[in-house]
Amino acid sequence: LNGKRYSLPINNGPNSLHGGVDNFSKKIWNTTIMKNAIGVTMEYKAKDGEEGYPGTCDVTVEYVLSEAENTLSINYRASTDTATVINLTNHAYFNLNGDFMLNGIAN
């Protein structure tokens, strides 16, 4: 990145998948219930060098339900103090069948 090499933890064959071994999914995030919407804001600050990535990274994720539109919105924001790479996503599974005894992934 910009002429500098960084070593990332390998956790998927020869690859560094999902941000490494001790990735964001294993972190404790600060959470705040939204006052003007049905939702929650989650914030996490990754330290410079965390999982081998350069720069301090401030991450915010908002989960917002809209009863009027019958939707769930997930909004991501990230800012860093140096050049880095980041691509935030969500891997949640939902059981829309209504049968809570079913495995949501298989259905």
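Here are the numbers for the structure shown:
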read-out	value
Among residues of the stretch 44-72, those that are touching a residue at least 12 places away in the same chain (Cβ under 8 Å), open to solvent by less than 70 Å² (accessible area, probe 1.4 Å) and assigned to a strand (DSSP E or B), counted	11
Residue satisfying all of: in the stretch 22-38; among the polar types (S, T, N, Q) and part of a loop (DSSP other than H, G, I, E, B); least open to solvent (accessible area, probe 1.4 Å) among these	Asn23
Qualifying residue in the stretch 63-70 (condition: within 17 Å of the chain's Cα centre (by Cα) and either over 20 Å from Ser16 (Cα atoms) or of a type in the set (A, V, I, L, M, F, W, C) (or both))	yes
Of the criteria (1) in contact with an Asp or Glu (Cβ under 9 Å, 6 or more places away or on another chain); (2) closer than 16 Å to Leu88 by Cα, which one Tyr53 fails	(1)
Only one of Gly19, Gly3 that is in a loop (DSSP other than H, G, I, E, B), within 18 Å of the chain's Cα centre (by Cα) and at positive phi	Gly19
Test: residue in the stretch 87-99 that is under 27 Å from Ser7 (Cβ atoms) and not in a loop (DSSP other than H, G, I, E, B)	no
Close pairs (8 angstrom Cβ cut-off, 6 or more residues apart or separate chains): under 26 Å from Asn70 (Cα atoms) in the stretch 21-39, among the acidic types (Asp, Glu) and open to solvent by 100 Å² or more (accessible area, probe 1.4 Å) anywhere	Ile38/Glu67
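Residue by residue, here is whether (1) touching a helix residue (DSSP H, G or I) at 6+ places or on another chain (Cβ under 7 Å); (2) at pLDDT below 95; (3) within 25 Å of Ile10 (Cβ to Cβ) holds:
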| residue | (1), (2), (3) |
| --- | --- |
| Phe24 | no, yes, yes |
| Lys35 | no, no, no |
| Asp58 | no, no, no |
| Ile74 | no, no, no |
| Thr89 | no, yes, yes |
| Tyr93 | no, yes, no |
| Asp99 | no, yes, no |
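The values are calculated or read from the model by the stated rules, or taken from the named source; none is laboratory data. Predicted model only: the values in this text are computed from it and were never measured. Glycine also receives a Cβ, built like all others from the backbone with ideal geometry; neighbour counts cover every protein chain displayed. Remember, those area values only see protein heavy atoms, side chains included, never the ligands or the DNA or RNA. Shrake-Rupley method; radii C 1.70, N 1.55, O 1.52, S 1.80 Å.
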